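Reviewing the structure listed below.
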Amino acid sequence: MADQTFIAFLRAVNVGGRTVKMERLRELFAGLGLGEVRSYIQSGNVFFTADASIDRAALTERIEACLREALGYEVPVMLRTVEELAAVVEADPFRGVEVTEHVRFCVVFLSEPLPADLTLPHLTPRGDLEVIAATAGEAFVVARLIGGRPTGNAASAFGKSYHGQGTSRFFHTTAKILAAARKG
């Protein structure tokens, strides 16, 4: 079967004292037998090729186990194909939301869908994070600065009823990640 390009969105990389060089991440992914391994910026975005028919859940577990062993801590991984990421960018659920200096658009890549009982739009009690739309694999969050300061992590916008993992990227960064992945 043909190879497919995947993007691994890694959570908790180069934040909170958990520093890892992108060169090291590329080495770890290549060591798993993944092809054409590249990285994009320091926030844990790794591109690679693998057989399109690969069991994605098993591959995710292999990558997470490798990172846990090599780095000494858990690194949740959310895998997307270039086509899946293109659909996220093309959908642009933020279209129509007023852009101000106090608003940031975030995509949260999810390990599992949001709870069915989470009504959208969903506003956090502080009013700083609003989940405006979701797919099975992504949540789209409008983050509002309060007092000119950044808000909490967009991946925390769902409350305690969400038991999966999530890692967020700004929407404009997501579009740049897609462009970089397509350059392959």
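Rank Leu85, Leu114, Leu71 by mean-square fluctuation in a GNM of the chain with C-alpha springs under 10 angstrom and give only the top-ranked residue. Highest fluctuation among the options: Leu71. Only one item in (1) 48, 36, 28; (2) 45, 34, 31; (3) 53, 47, 23 matches Cα extents along the principal axes in Å derived from the coordinates shown, and that item is (2).
A simple packing score, the average count of other Cβ atoms within 10 Å per residue, orders the peptides 57-69, 39-51, 86-98 as 39-51, 57-69, 86-98, with the highest score first.
The overall shape of the stretch 1-96 is oblate: from the C-alpha gyration tensor, with semi-axes ordered a ≥ b ≥ c, the ratio a/c is 1.5 or greater and a/b is no larger than b/c. Legend: calculated FRET efficiency, Leu145 to His172, from the Cβ-Cβ distance at R0 = 22 Å, rounded to 0.05, equals 0.85. Based on C-alpha pairs under 8 angstrom that are at least 6 apart in sequence, the stretch 1-105 has a relative contact order of 34 percent.
Using only alpha carbon pairs under 8 Å that are at least six residues apart, calculate the relative contact order of the stretch 62-167 and give it in whole percent. With pairs under 8 Å counted, the relative contact order is 27 percent. Surface analysis of the stretch 1-62 yields an accessible area of 52 Å² per residue, using protein heavy atoms and a 1.4 Å probe.
Taking K and R as +1 and D and E as -1, what net charge do the other residues with C-beta under 14 Å from the C-beta of Ala87 add up to? Within the 14 Å Cβ shell, the charges total -3. Computed on the chain, with alpha-carbon pairs under 8 angstrom and 6+ residues apart, the relative contact order is 22 percent. Take the Cα of Glu61, go 7 Å toward its beta carbon, and the backbone nitrogen atoms of the stretch 105-135 under 19 Å from that spot belong to 111-113. The charge dipole of the stretch 21-163, taken about the Cα centre with unit charges on the Cβ atoms of Lys, Arg (+1) and Asp, Glu (-1), comes to about 480 debye, rounded to the nearest 20. Classify the stretch 129-184 as rounded, prolate or oblate from the Cα gyration tensor: take a ≥ b ≥ c as the square roots of its eigenvalues, call it rounded if a/c is under 1.5, otherwise prolate when a/b beats b/c and oblate if not. Oblate. Other residues lying with their Cβ under 9 Å from the Cβ of Val142 contribute a combined charge of +1, Lys and Arg counting +1, Asp and Glu -1.
The values are calculated or read from the model by the stated rules, or taken from the named source; none is laboratory data. In this text, all values refer to a predicted model and were calculated from it rather than measured experimentally. A quick note on method: Cβ atoms are made from the backbone with ideal geometry, for glycine too, and the neighbour counts reach across all protein chains shown. Side chains are part of the model used for accessible areas, which takes the heavy atoms of the whole protein and leaves out ligands, DNA and RNA. Shrake-Rupley method; radii C 1.70, N 1.55, O 1.52, S 1.80 Å.
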